[in-house]
1. Does anyone have the angle between helix 76-85 and the longest principal axis of the chain? Alpha-carbon axes, 0 to 90°, nearest 10?
2. Rounded to the nearest 0.05, what FRET efficiency is calculated for residue 63 and residue 233 with R0 set to 35 Å and r the Cβ-Cβ distance?
3. Positive end of the dipole of the chain, charges at C-beta (+1 Lys, Arg; -1 Asp, Glu), about the Cα centre: which of 19, 274, 243 has its Cα farthest in that direction?
4. Please list, in order along the range 267-284, the HN-Hα scalar couplings obtained from phi with the Karplus expression 6.51 cos²θ - 1.76 cosθ + 1.60 (θ = phi - 60°), rounded to whole Hz, x for Gly and Pro.
5. Once you have a ≥ b ≥ c as the square roots of the Cα gyration tensor eigenvalues for the range 219-325, tell me rounded if a/c is under 1.5, and otherwise prolate or oblate according to whether a/b is larger than b/c.
6. Charges only on Cβ, +1 for Lys and Arg, -1 for Asp and Glu: so what's the dipole of the chain about the Cα centre, in debye to the nearest 20?
7. When the helix-only estimate is applied to the chain (DSSP H runs of n ≥ 4, each -39,500 (n - 2.57), divided by the residue count), what is the mean residue ellipticity at 222 nm, nearest 500 deg cm²/dmol?
8. Please state the shape class of the range 32-123: rounded when a/c is under 1.5, otherwise prolate if a/b exceeds b/c and oblate if not, all from the C-alpha gyration tensor.
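Rule-based calculations on the coordinates, nothing more; no lab input. Bear in mind the structure is a predicted one, so any value in this text is a computation, not a measurement. Note: ideal-geometry Cβ built from the backbone for every residue, glycine included; neighbour counts use all protein chains shown.
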Amino acid sequence: MRARISDNTQDAADFLRDGRLVALPTETVYGLGANALDETAVANIFSAKNRPAFDPLIIHQSNANRILEYASSVPKDAWKLAEAFWPGPLTLVLPKKDIVPDLVSAGLKTVALRVPDHPLTREVLNLVDFPVAAPSANPFGFVSPTTAQHVADQLGDRIDFILDGGPCRVGLESTIVGFPDGKTTVLRKGGLPIEDIEEALAHAVAVRTHGSSKPMAPGMLSRHYSPGNRIELFRKLNTDTPVPTNSAWITFGGGGPVFSHHESRSLAVYNLSPNGNLAEAAQQLFRVLRLIAERKYEYVAVQLLPEKGLGRAINDRLRRAAATE
Ligand code: AMP
Ligand code: MG
């Protein structure tokens, strides 16, 4: 089997109705979708990705009004956030109703819900009469895909259909917000900046830091997004620092080109955004991490971004890409 790449939403909907797997474009990253209420189809997501069964999936729905079909209660803050940011890069973790298969929620009593903001995928969600469970369309532990071709490269022989919606606009996974003990808490940093959430709610929120042991959500494993190179993180890269042959830098700001190669030092330099634009850096991040992996640099030095706005989510991904356990 080799996945067909197309922008035909009717075909995507047909495959989903058939219980098959379809890669879907969203504004965050490409997702690997299946009928969320069909346990067999959902099980196929886990096997295609080699995803461990303890890692729950996000349910994608066509609009916020459907939240009560899958969630048994919705705190006030959740409604406010849904209203302010859906469709958009926000996932809400809420107490689940029995209709949600345990496999989707990995046995948890909660379910993760999102209304994605991509015209093709919204069309598909409107064409089918079930919600779509979709984790990122990459093998478990690897960098998330931000183009249809990324999906084809890694999962093309395991799925039937890739809906091509062009490169993802945001480029980072959704920000996940839950309400443990009634406290509004960011469980995973992502494409919606925490500052925006706090502004919409008019109060500060808790931010859970991840750890490698017993993560509440495996998107929080310390080692994830692993390109396989030796990666070191810096506050500021020093142009005089010697580097081994076949090295790369990932930088941000400071002008210049997005890519340059310094023959004399055998050093490739990738700039996530020469103008210092965080949204552009987010959009470029996974593409650059993919290139780093493909080109098998011996050593990669990374300059961390400012710890604000999307910079926090980008640094989170960079730290995990650099983690060795
Ligand atoms: P992915 O789309 O591959 O980034 O995976 C979805 C993310 O959502 C994973 O990190 C999950 O662990 C997280 N997630 C899904 N359901 C829940 C839940 N009920 N509680 C906490 N996190 C969840
Ligand atoms: Mg993922």
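1. Once rounded, one gets 60 degrees.
2. Details: r = 40 Å, r/R0 = 1.14.
E between residue 63 and residue 233, to the nearest 0.05, is 0.30.
3. 243
4. 10, 9, 10, 10, 9, 5, 6, x, 7, x, 9, 5, 5, 5, 4, 4, 5, 8
5. oblate
6. 820 debye
7. Details: 10 runs with 93 residues, N = 325.
My calculation for the chain gives -8000 deg cm²/dmol from helical runs alone.
8. oblate
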